[in-house]
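What follows is a single structure, written as C-alpha cells, with notes after it.
Just so it is clear, none of the values below were taken in a lab; they were calculated from the coordinates. Because the structure is predicted, anything quoted here is derived from the model rather than measured. No Cβ is skipped: glycine too gets one built from the backbone with ideal geometry, and neighbour counts run over all protein chains shown.
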Amino acid sequence: MQYYMPTKIVFGQGVIESGFDLFKQYGKKALIVTGRNSSKKNGSLEDIIKALDKNKITYSVFDEVESNPSVETVQRGGGLAIKEKADFIIGVGGGSPLDAAKVIALLTKNKANDENFFQTEWKEDPLPMIAVPTTAGTGSEVTPYAILTNPGIESKSSIVSEKIFPAVAFLDASYTQTLLREITLNTALDALSHSVEGFLSTRASDFTNLTALESIRILGEIFPFFLESKDIPFQMREKLLYASLLGGMVIAQTGTTALHAMGYSLTYFKNIDHGRANGLLMAEYLDFLKSRKVNQVDLALKTFGVATIQDFKLFFDHLLGVKEKITEKESLYYAKITLKTRNMNFTLKTMGEKELSEIYLNSLK
Ligand code: NAP
Ligand code: FE
C-alpha cells in the first residue's frame with residue numbers, strides 16, 4: 001500500500017487570519033487565481049489580501065477562471081504569472097479556479113503548446129500553490145489533479161502530477177455560506193461521488209476505505225436536509241467541507257472511475273454541472289456494479305443510510321428533480337468517448353459500450 005498526501009491542511013473558521021504567517025515562506029509576490037465574482041462576495045479574497053498585506057507580500061489578481069476551465073484561460077493566467085514575476089500562486093474559489101491555479105503554477109516553469117497541451121511532460125517543479133476552496137465538493141485542495149476542458153477528445157482531461165498537490169489548503173466553511181442551494185447540492189454530489197468511486201476502485205486500500213466510508217457516512221447524514229428547502233446551517237456546511245476534503249484525500253490515492261468519466265460527457269455536451277452530472281448517473285452505476293456482484297456496494301449504501309439500491313434510486317429521484325434527457329444515439333457516442341478514458345482502468349468491472357450506454361439511458365430517460 002502507498003499513501004502520499006503532502007498538503008498542509010488548516011481547517012476551521014478564521015484560519016486565513018489566524019494562519020496568516022503560513023504565506024510568508026512562499027515569497028514576496030503572489031498571483032491570486034479566482035473566478036469572476038464569488039470570491040469578492042464571500043470574504044475569501046478580502047481575507048487573503050489582508051493576510052498578504054500583513055506579511056508585506058504584494059499580489060496581482062487573475063479573476064477570469066470560468067467553470068470547467070479551458071487551456072486558453074490557463075495559458076493567459078500563466079502568462080500573467082510570468083509577467084508579474086510571481087513567487088507563488090493562490091487559488092481561491094470552486095474546483096475550477098483551484099485546478100486553473102495548479103496549471104498556472106506549472107506553466108510558469110514549463111512551456112506547453114496549445115496543440116499538445118495534454119501530452120506535455122511537466123518536467124520542472126511548478127511554483128508553490130496555496131488552495132482556498134469556497135465550494136464543498138471537488139476536494140481539489142488535496143489532490144494531484146487539475147481538470148480542464150479538452151475539445152480534442154470532446155471531454156475533460158486531467159493533468160496528473162504529484163508536483164501539483166497544493167502546499168497548503170485553508171478550509172473555512174464561512175466562505176461557502178453564500179452558495180445557493182443548487183450549487184451546494186451539486187458540489188456535495190461531487191464529494192459523494194469521489195468517496196463512493198474511491199471505495200469502489202481497483203486502487204482502494206484499507207486506508208482510503210476508512211476515509212471514504214467516513215465521508216459517505218457524513219454525507220448520508222446531511223443529504224436528507226437538501227429535500228427540505230431550508231437554509232443550510234453553518235455546522236452542516238462545515239461538515240460538508242470536511243466530507244469533501246475526505247473525498248479529495250480518497251481520490252488523490254485511488255483516482256475516479258467510470259462514473260466521473262461518463263459525467264464528463266454530460267458536462268461537455270449538455271453543460272450539466274460536474275457534480276450533478278455524477279449525481280444523475282450514480283444510482284444506475286451502483287446498480288450495474290451490484291448486478292456484477294460487487295458486494296461493497298451494499299456497505300456503501302448502508303453507510304449512506306439507505307437499505308437497498310431501490311431506496312437509493314428513489315431518494316436520488318427526489319433529490320435531483322426533473323432530469324435532463326438523452327437520446328440513444330447520444331448515449332452511444334458518449335459511451336465511446338468514456339471508454340477511451342484512463343478512469344476505466346480503475347473501475348471494478350469491465351464495461352463496454354453497451355453497459356455504459358444503458359447507464360446513460362436508464363439515468364436520463
Ligand atoms: P466551479 O466551476 O469552481 O464554480 C461553480 C460556480 O460556483 C461558479 O459560478 C462560481 O462563481 C460559484 N461559486 C464558487 N464558490 C462560491 C461561493 N462560496 N458562493 C457563491 N458562489 C460560488 O465549481 P466546482 O464544482 O467547485 O468545480 C468544478 C470543477 O472542478 C470541474 O472542472 C471539475 O472537473 C473539477 N474537479 C476537480 C477535481 C480535482 O481533483 N482537481 C475533482 C473534482 C472536480 P465564480 O466563478 O464567480 O467564482
Ligand atoms: Fe469530481
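For the stretch 58-114, the Cα gyration tensor yields ellipsoid semi-axes of 16, 14, 9 Å (square root of five times each eigenvalue, largest first, whole Å). The stretch 272-287 and the stretch 1-48 have Cα centres separated by 30 Å. For the stretch 130-174, which GluC sites (Glu not before Pro) pass both filters: DSSP loop (anything but H, G, I, E, B) and at most 15 other C-beta atoms within 10 Å? When the GluC sites (Glu not before Pro) of the stretch 130-174 are filtered for loop state and at most 15 Cβ neighbours within 10 Å, 154 remain. When the helices of the chain are scored as -39500 (n - 2.57) per DSSP H run of n ≥ 4 and the total is divided over every residue, the value at 222 nm lands at -15500 deg cm²/dmol. Within the chain, antiparallel bridges make up roughly 25 percent of the DSSP beta bridges whose residues both belong there. Test of understanding: given the chain, find the longest segment containing no chymotrypsin sites (Phe, Trp or Tyr not before Pro) that are in a DSSP loop and have at most 15 other Cβ atoms within 10 Å. So the longest stretch without any such site is 5-365.
Of the GluC sites (Glu not before Pro) found in the stretch 203-293, those in coil by DSSP whose Cβ has at most 16 other Cβ atoms within 10 Å are 228.
For a quick check of your reading of the filter: which GluC sites (Glu not before Pro) in the stretch 1-64 sit in a DSSP loop and have no more than 16 other Cβ atoms within 10 Å? Passing sites in the stretch 1-64 do not exist. Gyration tensor over the Cα atoms of the stretch 8-175: the corresponding equivalent ellipsoid has semi-axes (square roots of 5 times the eigenvalues, largest first) of 24, 17, 14 Å. Helices that extend 20 Å or more along their long axis by alpha-carbon positions and average at least -0.5 on the Kyte-Doolittle scale are, among the DSSP H runs of the chain, 181-199, 206-222, 234-254, 274-291. Calculated on the alpha-carbon coordinates, the convex hull of the stretch 180-363 measures out at 102 cubic angstrom per residue. In angstrom, the C-alpha Rg and Dmax of the chain are 19.6, 59. By the Stokes-Einstein formula, at 1.306 mPa s and 10 °C, the stretch 103-145 with its Kirkwood radius over alpha-carbon pairs has D equal to 133 µm²/s. Taking 14 Å as the straight-line reach from the Cα of residue 239, the aspartates and glutamates in range (excluding those fewer than 8 positions away in the same chain) are 172, 214, 221. Counting neighbouring beta carbons within 10 Å and listing from fewest to most, the residues 142, 160, 61 come out as 160, 61, 142. Taking the three principal axes of the alpha carbon atoms in the stretch 252-335, the coordinate ranges are 33, 31, 25 Å, sorted in descending order.
Rg/Rh for the stretch 107-223 (Cα atoms only, Rh after Kirkwood) is 1.00.
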